[in-house]
Amino acid sequence: MFWDSEEDIFRWVECRVSRYYWLGYMSDAIESSVRSGLGGLEVHDFFVDQFAVLQDLKKMLVEGSSCIPDCKALCCYFSRDHSTQIPISTDEFEVLRDIVSGWGGNFEDYYSMVPADRISVELLDYLKSSRNFFFDVNGVRMVCLLSSSDRLIDASLLWDLPKSVKRFRRLWADKDSCACRFLDQNNRCVLYDRLRFTVCSEFYCLPVIVVMVLRHLGFVDEGFLGLSLREINLVSNSIAESFRVNKLLGLEREFDSKFRELAIAYVNGGDVGKRFSELKDFERQYADLLRVRVGLKLSCL
Ligand code: SF4
Ligand code: SF4
């Protein structure tokens, strides 16, 4: 059941973020409409406010620098085979070489080169979006994967494994997983100040995304920062359930389509007065429901 509700909340986030892209695409047309006296200033300002919120949201998701909860870095544990290890790009490879040489370490101990046709189809698809992940070694296309250390995961942590966004499955770690070589005993990444691998900085588990977005939108306060991943997991499950029960994804989609219709009418010089007041009414009711539902869940803590 949570699978569906977590998917709902993630689609809700996606819907909001895609509106940002769309609004970015429309922004020149919106600005030239107001300059030529088409559309009302009130409607124009509404678009500008929305644009700012959505731009911030995307920035936070893309550039958010670290995780919120007090987590033991569960996403930094990997199997010893090649199935879940971190791939690094050709540029990152060179920077890492410098760092490891500065430490006096033997660079070859830190990675292994694996023929691209031996990695999973899923990972290969992800890497294909950038040619930088492929190395040519004697004419063979290879991928560079970081080696894990020999430090086994503390099995008690597996009870708190969060889900990942992809297919809403639990993270890949299991009782045989070992810490990344760059994870210290305090569960901090020793590289993070000097080098953030693309794959590492792009990854957030599902509960963290849920809470980051809600925090950004003002539903979650700073008190959340000290919660454990177990607590965050519980809250995000319950928020996701609330999204499902209250059909908030449906409301978000309805808002999104009214919003786009208004913007299109605005740039085409159509009559926006009625559409705008309907949208604002809808937004008020929807925002109240969102606030109450999410607020209720948070106050249960
Ligand atoms: S993304 Fe999730 S699992 Fe990884 S460190 Fe952050 S909270 Fe922990
Ligand atoms: S490089 Fe750092 S952030 Fe990436 S998996 Fe290793 S310890 Fe985690």
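Quick notes on this structure:
- Per-residue extension of 0.36 nm, minus the Cα-Cα distance of Ser112 and Glu254, leaves a gain of 46.2 nm for this segment.
- Cα-Cα separations in segment 74-202 greater than 27 Å, expressed as whole percent: 18
- Theoretical FRET efficiency, 1/(1+(r/R0)^6), r = Cβ-Cβ of Val137 and Tyr25, R0 51 Å, to 0.05: 0.80
- For the pair Leu41 and Arg151, the difference between a 0.36 nm per residue extended length and the Cα-Cα distance amounts to 33.5 nm.
Every read-out reported here was derived from the displayed coordinates using simple, explicitly stated rules and does not represent laboratory data. Just so it is clear, the structure is predicted and the values come from calculations on it, not from any experiment. Backbone-built Cβ (ideal geometry, glycine too); neighbour counts: all protein chains shown.
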